[in-house]
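Working notes for the structure below.
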Amino acid sequence: MELWADFGDITSIMENQAVDLRERRLRYQGISLLTALVVQYALGMYVNLFVQFPDNAGPVDLWRFAVRQWPLAFHIILGALLFIGSLALMMGAIRYRSYAWPAPAVIGFIAILIAAISGTSFIPTRSDPFSYVMALSFILAILAYSWGMMRAGRILKPPATAWKNGPEP
């Protein structure tokens with residue numbers, strides 16, 4: 001009987017390690033998205049302050065102009081990568097049945113989706129409300145992924161009793 005109990009303990013330890021690995025993977029994805037969001041914000045501010053769109057241009061000409069400006073082109077590319085990354089985090093959180101990440105990942109994905117829609121609407125119209133919605137969506141995404149990081153940090157901490165008797169030799 002004791003032999004089977006030991007195998008049960010080993011199985012539960014291996015399952016816990018697999019859960020920890022998945023949670024760590026999701027946490028690294030969250031860190032990557034937060035970092036990319038900060039770079040995206042800096043690029044967006046640069047474009048807002050230093051890139052002048054032509055005044056009398058149609059939507060097609062404005063898109064041509066946009067992709068020829070390296071900060072704006074990089075902002076668009078990074079936005080697409082953020083969309084893909086946020087989708088991957090959301091799907092991973094749901095697939096792994098994570099405790100920490102499903103709600104923050106869904107909120108972050110929706111925020112990035114709204115920012116992407118606002119960005120694609122901003123270029124042909126140059127309408128300030130679309131820029132404002134992008135900024136608000138950025139804030140929501142940062143808050144969502146920060147919340148996920150906080151929740152994941154609570155899961156990945158070792159139990160308080162782990163060091164009660166000192167470190168193992």
Report task. Determine, yes or no, whether L87 is crowded, with 16+ Cβ neighbours inside 10 Å, hydrophobic (A, V, I, L, M, F, W, C) and either modelled with pLDDT of 95 or more or under 23 Å from L143 (Cβ atoms) (or both). Result -> no
Query raised in the report: Within the range 115-136, can one find any residue that is at pLDDT 90 or above, surrounded by 14 or more Cβ atoms within 10 Å (Cβ to Cβ) and farther than 24 Å from V51 by Cβ?
Result: no
**Report entry** Residue check for I142: assigned to a helix (DSSP H, G or I), touching a residue at least 60 places away in the same chain (Cβ under 8 Å) and of a type in the set (V, I, T)
**Finding:** yes
Query raised in the report: Which of the residues belonging to the range 137-169 are hydrophobic (A, V, I, L, M, F, W, C), within 16 Å of A103 (Cβ to Cβ) and modelled with pLDDT under 90?
Result: A152, I155
Query raised in the report: Restricting attention to the range 90-112, and to residues there that are among the aliphatic types (A, V, I, L, M) and touching a Ser or Thr at 6+ places or on another chain (Cβ under 8 Å), which single residue is surrounded by the fewest Cβ atoms within 10 Å (Cβ to Cβ)?
Result: A111
Report summary line: Restricting attention to the range 71-127, the residues that are at positive phi and touching a residue at least 40 places away in the same chain (Cβ under 8 Å) number exactly 1
**Report entry** Hits in the range 54-107 (condition: assigned to a loop (DSSP other than H, G, I, E, B) and under 15 Å from R24 (Cα atoms))
**Finding:** Y96, R97, S98, Y99, A100, W101
Query raised in the report: Among (1) at pLDDT 95 or above; (2) over 15 Å from A141 (Cα atoms); (3) β-branched (V, I, T), which single condition is T11 missing?
Result: (1)
Query raised in the report: Taking interchain pairs and intrachain pairs at least six residues apart, which have beta carbon atoms under 8 angstrom, with the first residue in the range 27-43 and over 22 Å from I76 (Cβ atoms) and touching a residue at least 40 places away in the same chain (Cβ under 8 Å) and the second of a type in the set (F, W, Y) and part of a helix (DSSP H, G or I)?
Result: G30/Y145
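The values are calculated or read from the model by the stated rules, or taken from the named source; none is laboratory data. Because the structure is a prediction, the values reported are computed rather than measured. All Cβ positions, even for glycine, are placed from backbone atoms using ideal geometry, and neighbour counts span all protein chains on display.
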